1. Any idea what angle helix 2-37 forms with the longest principal axis of the chain, computed on alpha-carbon atoms, 0 to 90 degrees, nearest 10?
2. Quote to one decimal, in nm, the extra length available between S106 and L142 on full extension: 0.36 nm per residue of separation minus the C-alpha distance between them.
3. Where Lys and Arg each count +1 and Asp and Glu each count -1, what net charge lies around L136 among other residues with Cβ under 14 Å from its Cβ?
4. To the nearest 10 degrees, how steeply does helix 71-84 sit against the main Cα axis of the chain, on a 0 to 90 scale?
5. For Kirkwood radius over Cα pairs in Å, several values are listed as [x] 16.7; [y] 20.3; [z] 17.5; flag the one computed from this structure.
6. Taking 0.36 nm per intervening residue step and subtracting the Cα-Cα distance, what contour gain separates L117 from W166 on full extension?
7. Net charge near S87: determine it from the other residues with C-beta under 14 Å of the C-beta of S87, scoring Lys and Arg +1 and Asp and Glu -1.
8. Could you check the spin-label model distance between V31 and V94? Points 7 Å from the Cα along Cα→Cβ, value in nm.
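What follows is calculated from the coordinates using simple rules that are stated; it is not laboratory data. The structure presented is a predicted model; accordingly, all values stated were derived computationally and were not measured. Cβ atoms come from the backbone with ideal geometry, glycine included; neighbour counts cover every protein chain shown.
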Amino acid sequence: MARRASVRRDMNIWRRLDMASRYAWPATVTVLGLLLIGVPLGLPGLAALRPAYVMACVYFWSLYRPASLPAPVVALCGLLLDLLGVSPLGMWAVLLLLLQGATLVSRRRLMTWSFKLNWAAFSGFAAVVSLLAWGLQSALELRALPWLPLMVQMFMAFGVYPVLAWMFIKAHRGAAAVELA
């Protein structure tokens, strides 16, 4: 009888570890992906991929698994993005929190939409966030910054979302899905 209780307790520990790892998956993949993209490889356009990647992660996980990507983690990602780039400290933290808030407010409606409509919604959110980032940096420099980096960043976000969403959907429905365990 004692052996059966210890097996049940061990399963309980493994089950808890499994649930914790599943819960931490969105935050972990977002932070580690940002750090990997932040490695200086000398590839052109990598700087524009960083905000696009983080915006796609924040949007997707805020839409499908909001409890697994809490606001402090989103703020941390924004601070990391600021430290890896050349933006003022805290700017991307605020912008990503705004993106998360807008996604959470719209979540009920967005959950019923098809993938294409969600992609369009993300594209709209990403365009607004990118424009806000451009506007804030222009205001801080007291001059209008060039439009080309803004456009590159927006189109990177539009293009990277379907690829990331496909991978995240596989993870969300597969072994890393907390809801299905």
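1. So the inclination is approximately 10 degrees.
2. 9.6 nm
3. -1
4. Once rounded, one gets 50 degrees.
5. Derived directly from the coordinates: [z].
6. Gain on extension, L117 to W166, equals 16.2 nm.
7. -1
8. The modelled label-to-label distance comes out at 2.4 nm.
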